[in-house]
Amino acid sequence: KALVAGPRSDDMASLGGGWTGYPQPGMTLLQAVKNKISGKVVHVLSNVTKAKKVAKEVDVAIVAVGEPAYIHTSPWGPEKLTLADEQLELIKAIHKTGTPTVVVLLMGRPYVIPWCGENVSGILAAYYPGTRGGEAIADVLFGDHNPNGKLPFQMPRSMKQVKDQREDAPFDMEDPLYPYGYGLSYK
């Protein structure tokens, strides 16, 4: 059994980003997970109480969070690189049940996610993977494709680290959460 949760879990626009035309063909992450496994898949968009209850009854939780599609200005503004409060609350609630929790991060910029980096079972930085992104993410999550991507930037631990960076010196952050070039693969 699997829980697929989060505001980006069943949203095609989040896979394509702001410059993609609508409607988009393809498969959301939820649809792709349902196609991938023969067991029961329960979907919870963002109801924390329901997500906690369901998480106690499943083998794994996949939580898709991050940014909706936008073109020029990020939805939380340029000064906030953290997840929306309700997204982090959802992840924390599911994690507290003891169910292995994987965060799928759909993003167009680095995020400040120290709690996730220190607590969840895995994080998949999916960026804006496009119309086949749901299937590609499911392939990675279920071991049908060996991930080999590397971060093209540093993932900061705090907004202070971001603000302390020099504009003209890339990769000058001390002790980032994840360094430039970080990425794991299956053995």
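The values are calculated or read from the model by the stated rules, or taken from the named source; none is laboratory data. Treat the numbers as computed from the prediction; the structure is a model and nothing was measured. Cβ atoms come from the backbone with ideal geometry, glycine included; neighbour counts cover every protein chain shown. Protein only, heavy atoms only, side chains kept; ligands, DNA and RNA dropped before computing areas. Shrake-Rupley method; radii C 1.70, N 1.55, O 1.52, S 1.80 Å.
Any residue at all in region 154-174 that is closer than 15 Å to G66 by Cα and buried (at least 19 other Cβ atoms within 10 Å of the Cβ)?
Within region 154-174, one or more residues are closer than 15 Å to G66 by Cα and buried (at least 19 other Cβ atoms within 10 Å of the Cβ).
Looking only at region 60-78, filter to residues that are part of a loop (DSSP other than H, G, I, E, B) and more than 23 Å from S158 (Cβ to Cβ); which one of those is most open to solvent (accessible area, probe 1.4 Å)?
Applying the filter and picking the extreme gives H72.
Being within 17 Å of A125 (Cα to Cα), part of a loop (DSSP other than H, G, I, E, B) and open to solvent by 20 Å² or more (accessible area, probe 1.4 Å) is the filter here; which residues of region 11-33 pass it?
Across region 11-33, the qualifying residue is only D11.
Could you please find all residues in region 94-148 being part of a helix (DSSP H, G or I), small (G, A, S) and open to solvent by less than 40 Å² (accessible area, probe 1.4 Å)?
Scanning region 94-148 gives G117, G133, G134, A138.
Of the residues in region 116-139, how many are under 23 Å from T99 (Cα atoms) and within 13 Å of the chain's Cα centre (by Cα)?
12
Take the residues of region 34-49 that are part of a strand (DSSP E or B) and aliphatic (A, V, I, L, M): which is surrounded by the most Cβ atoms within 10 Å (Cβ to Cβ)?
For region 34-49, the residue satisfying everything is V44.
Being touching a residue at least 12 places away in the same chain (Cβ under 8 Å) and under 14 Å from R109 (Cβ atoms) is the filter here; which residues of region 157-175 pass it?
Listed by number, the residues that qualify are M159, V162.
Can you tell me which of Y186, Y182 is at pLDDT below 90 and in a loop (DSSP other than H, G, I, E, B)?
Y186
Can you tell me which residue in region 79-90 is surrounded by the most Cβ atoms within 10 Å (Cβ to Cβ), limited to those that are in a helix (DSSP H, G or I) and without any contact (Cβ under 8 Å) to a residue 40 or more places away in the chain?
Restricting to residues being in a helix (DSSP H, G or I) and without any contact (Cβ under 8 Å) to a residue 40 or more places away in the chain, the top hit is L88.
Go through the residues of region 154-162 one by one and say whether even a single one is among the β-branched types (V, I, T) and in contact with a helix residue (DSSP H, G or I) (Cβ under 8 Å, 6 or more places away or on another chain).
No: zero hits.
Just wondering, is there one or more residues in region 57-76 that are hydrophobic (A, V, I, L, M, F, W, C), more than 25 Å from G130 (Cβ to Cβ) and touching a residue at least 40 places away in the same chain (Cβ under 8 Å)?
Yes; the residues of region 57-76 include at least one that is hydrophobic (A, V, I, L, M, F, W, C), more than 25 Å from G130 (Cβ to Cβ) and touching a residue at least 40 places away in the same chain (Cβ under 8 Å).
Checking K52 against (1) assigned to a helix (DSSP H, G or I); (2) surrounded by fewer than 16 Cβ atoms within 10 Å (Cβ to Cβ); (3) of a type outside the set (A, V, I, L, M, F, W, C), which single condition isn't satisfied?
It fails just one condition, (2).
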